[in-house]
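Read-outs: derived from the displayed coordinates by stated rules, not from any lab. None of these values were measured; they are calculated from a predicted model. Glycine gets a Cβ as well: all are built from the backbone with ideal geometry, and neighbour counts include every protein chain shown.
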Amino acid sequence: MKRVKKTVAVALATLMSVSLLAGCGKKTVTPTPTPDAVVPTSDVQPTGDVTPSGTPVKPTVLTDDDAIYDAALSEYEQYLEKAHGEVKNISLRYTLEAIAEAKLMESAVYIPGSSNGGAYAISRVAPYTVGYCLWGNDSYRFHQAVVVKGNPIKPADRNALRAKWNELKGTGTYEAYVKQYLTEKGYSLKDSYTLTYSTDPATWDISNTYLAADSEAIVNTFDNLIEYDNEGTMRPALAESWTVSDDGLTYTLKIRQGAKWVDSQGRALGEVTADDFVAGMQHCLDCDMTSYLVEGVIKGAAEYLAGDITDFAQVGVKAEDDYTLVYTLEQTTPYFMTMMAYNPFAPVFRKYFLSQGGAFGKDAWAEACESDNMKYGIDKDHIAYCGPYLVTNATKASKLVFSANPNYWNKDNINIKTITWLYNDGKDATKAYNDMKAEVIDGCGLNTEALELAKNDGWFDEYHYTSGTDATSFGSFLNLYRQAYALANDPTQVISGLTDEQKDLANLCMQNVHFRRAFAFAYDRIAYNAQVVGDEVAALSVINSYTPGNFVQLTEDVTIEMNGTSKTFKAGTYYGAIMQAQIDADGVPMKVWDPTLEEGAGSSAGYDGWYNPANAVAELKKAAEELGITIDKDHPVHIELSYPSEVNAYANRANALKKSVEASTNGAIIVDLLDCVSLTNWYYDGYYTTAGSECNYNVYDCSGWGPDYGDPQTYLNSFQREIGDMIHVLGIY
């Protein structure tokens with residue numbers, strides 16, 4: 001995400017321990033030498049610029065980031081800017097955002113892959129008892145989880161609870177019902193929850209990260225101003241109440257009195273006050289990791305980030321007194337309160353932060369980071385806690401233990417007293433399943449190997465269910481200008497096998513929209529997904545857009561010009577339907593919305609609306625014509641896909657992608673598998689990179705996006721020019 005939000009890594013952990021997203025994960029095989037691939041033809045004319053004499057100019061590889069961006073994403077940018085400017089008519093805003101996303105999908109720089117969930121699983125955790133929200137971090141808060149001892153929850157009971165959740169949602173009574181229901185059914189409840197993870201936090205400073213692997217852990221150590229409960233309702237947390245001015249520009253929140261800051265040993269440090277949220281916002285802007293969220297939203301934030309304001313008192317975050325916090329906005333932002341469930345609104349205890357070598361002010365923070373005195377956030381013992389848990393054990397590549405905070409303001413209302421994360425690197429595909437059966441962990445997804453075991457031992461029939469999907473979007477990212485051909489952090493590792501000529505040809509082709517679409521249409525995402533979750537449920541988690549099509553819907557009728565034709569979308573129309581209308585108007589053969597699914601409500605998930613070998617061949621022909629080259633099995637384009645061979649499921653998935661693309665294009669596109677061997681190298685191949693020039697692949701599928709707040713902008717901003725969190729994964733900026 002942006003360097004502008006949390007990047008979510010591939011959901012390896014989803015198939016190890018249900019409910020926890022972690023690490024990244026993917027593919028294998030070393031590339032093999034191939035013959036020269038570029039053979040210009042005399043009978044095909046390029047369609048590039050024309051010289052004054054009328055001679056066509058053969059397309060060349062663009063090397064300027066802005067030029068590359070303009071060529072690929074100018075229409076997306078145009079509509080996104082229009083949407084950004086529309087703050088009063090929220091339905092028109094959603095419509096413009098949907099059109100912007102249609103243009104993003106048509107560009108095929110990103111190919112939607114899958115969401116979390118939609119897989120067979122077995123679990124001791126009752127459904128909908130973890131924080132329920134499609135955005136922010138509250139879905140990683142586990143203090144309200146209801147977990148049973150002994151055997152997992154049976155499918156019939158799980159289905160009954162799901163039905164009751166739909167009935168009770170919003171009443172605040174579902175959690176109590178779950179406890180009563182399970183007890184009456186003979187289950188025993190426990191106050192611990194054990195699950196797995198695959199990536200250790202790189203920092204414990206919530207303001208200084210956009211990575212989900214960090215946020216998932218840290219969020220359990222502090223409270224935000226508000227929190228979404230397990231019914232999806234926004235509830236007071238450290239803010240007891242709030243009011244909004246008539247013009248929508250001023251939000252005044254009353255801070256809960258009596259909430260305490262403690263250290264990692266539980267020793268009191270001070271009281272939570274309004275100033276902690278002022279300090280937290282300044283630290284967020286100083287770090288500039290998730291500042292994109294409030295830039296242009298909170299008054300003065302953009303100017304502070306640009307250096308035009310150096311006095312933070314001029315930024316629209318004020319502590320009027322110890323218990324009154326005021327945010328002043330640049331413009332009306334209807335979704336502003338939904339943003340408070342994410343990192344920039346986390347509190348920072350000013351006195352403790354300074355005692356650990358921290359500093360306020362962009363320059364002062366930069367200097368502090370270079371100092372040996374800077375200890376804040378380096379580990380669990382150098383942060384202050386005001387949330388439900390203290391981290392009592394953090395052993396790298398082993399375990400994380402969260403123990404109930406005895407000084408937590410709401411300590412009497414948490415169900416789980418101990419949360420334990422156990423490390424699982426995914427090398428043993430059946431470890432999570434065996435650990436779940438042995439009650440070492442409390443749930444797991446069933447990958448292909450575990451599924452076979454579960455069917456053989458009877459646990460599948462007895463306990464399995466299909467997990468629900470969420471709003472996370474994993475996919476494949478195409479490098480528009482590859483410059484790295486080895487790991488940026490260790491040039492001796494993950495070395496490309498492409499020849500110089502193949503490298504140049506791949507860059508040329510990746511900058512052509514028809515070539516990118518050819519690749520997108522050539523790859524069977526259901527077969528790809530099946531390598532991890534199995535054939536039976538492979539389609540369930542497949543997604544066809546970046547923002548889920550049902551993420552928002554219009555609240556009033558909207559009439560808009562679409563390719564010169566007036567089009568009216570009625571109140572209640574889903575975002576995905578508008579996106580599809582624009583794609584259809586543009587004549588691009590991809591399906592991102594199916595109105596017949598979900599009992600007629602429609603859906604953007606659960607099917608593959610992109611895969612079509614005939615369309616792939618047609619687009620490849622257009623690409624060859626525009627580029628003035630021959631692309632066929634005798635003159636193929638070689639592109640590299642990186643993957644970690646130590647994880648068998650990801651190796652299989654890489655090979656499935658390779659097989660599909662090569663078969664669909666009759667060998668005109670060759671996918672060479674670049675073996676990173678380890679998960680760590682795979683992460684450093686792209687997920688941990690900070691600049692496009694460091695991205696060592698032509699295609700990468702070890703990353704994704706989870707929404708920060710309740711507006712499609714939370715997805716779309718990640719591909720903004722220069723500042724978007726995901727833009728560097730495309731090899732630029």
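Here is how the numbers come out for the structure above:
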quantity	calculated
Charge dipole magnitude, Cβ of K and R +1, D and E -1 - the range 206-382, Cα centre, debye nearest 20	380
Packing-based exposure ordering (other Cβ within 10 Å, fewest first) of Thr183, Thr129	Thr183, Thr129
Computed lengthening from Asp191 to Asp584, 0.36 nm per intervening residue step minus Cα-Cα distance	136.3 nm
Estimated D of the range 206-382 in µm² per second, where Rh is the Kirkwood radius over Cα pairs and Stokes-Einstein applies at 37 °C, 0.692 mPa s	198
Stretchable slack from Glu439 to Glu370, in nm (0.36 nm times residue separation minus alpha-carbon distance)	20.4 nm
Most to least packed among 274-280, 455-461 [average Cβ atoms within 10 Å]	274-280, 455-461
Contact order relative to length of the range 206-382, as percent, for alpha carbon pairs under 8 angstrom and 6 or more apart	25
Charge tally in the Cβ shell below 11 Å around Lys417, where Lys, Arg are +1 and Asp, Glu are -1, Lys417 excluded	+1
Charged-residue dipole, Cβ positions (Lys, Arg, Asp, Glu), the chain about Cα centre, Debye nearest 20	1880
Ascending count of other beta-carbon atoms within 10 Å, so fewest first, for Glu694, Glu240	Glu240, Glu694
Exposure proxy ranking, count of Cβ atoms within 10 Å, fewest first, for Asp504, Asp66, Asp425	Asp66, Asp504, Asp425
For the chain, alpha-carbon Rg over 2.2 N^0.38 Å	0.94
Calculated FRET efficiency for the pair Ile495/Asp70, C-beta based, R₀ 41 Å, to 0.05	0.80
Extension gain (nm, one decimal) between Lys396 and Lys318, 0.36 nm per residue minus Cα-Cα	24.2 nm
Estimated inter-spin distance, Ser693 and Lys82, nm [label 7 Å along Cα→Cβ]	3.6
Within the range 438-457, backbone nitrogen closer than 20 Å to the virtual label 7 Å beyond the Cα of Tyr181 toward Cβ	443-444
Given charges at Cβ of Lys, Arg, Asp, Glu: the range 582-733 dipole, positive-most of Tyr643, Val699, Ser660	Ser660
Unit charges at the beta carbon, dipole of the range 206-382: most positive-side option, Ala217, Tyr335, Tyr292	Ala217
Modelled FRET efficiency - R0 51 Å, Ser241 with Asp461, Cβ distances, 0.05 increments	0.55
Low-density loop cleavage sites - trypsin sites (Lys or Arg not before Pro) in the range 299-401, where at most 11 other Cβ are within 10 Å (DSSP)	Lys396
Only Lys, Arg (+1) and Asp, Glu (-1) charged, at Cβ; the range 406-480 dipole about Cα centre in debye	280
Qualifying lysines (Cα of each under 27 Å from Cα of Lys82; at least 8 residues distant if same chain)	Lys2, Lys5, Lys6, Lys103, Lys299, Lys567, Lys570, Lys591
Kirkwood-based Rg to Rh ratio, the range 512-638, C-alpha trace	1.05
Positive-end residue of Ser403, Tyr733, Tyr304, charge dipole of the chain with Cβ unit charges	Ser403
Relative contact order %, the chain, counting alpha carbon pairs below 8 Å whose residues are six or more apart	25
Under-5 Å amide H pairs with Ile441, H placed in peptide plane, nonlocal only	Met436
Cβ-derived FRET efficiency at R0 41 Å, Leu597 paired with Lys622, nearest 0.05	0.85
Radius 12 Å from Cβ of Phe402, net charge of other residues (Lys, Arg +1; Asp, Glu -1)	+3
Environment charge at Ala488 (Cβ cut-off 15 Å; Lys +1, Arg +1, Asp -1, Glu -1)	-2
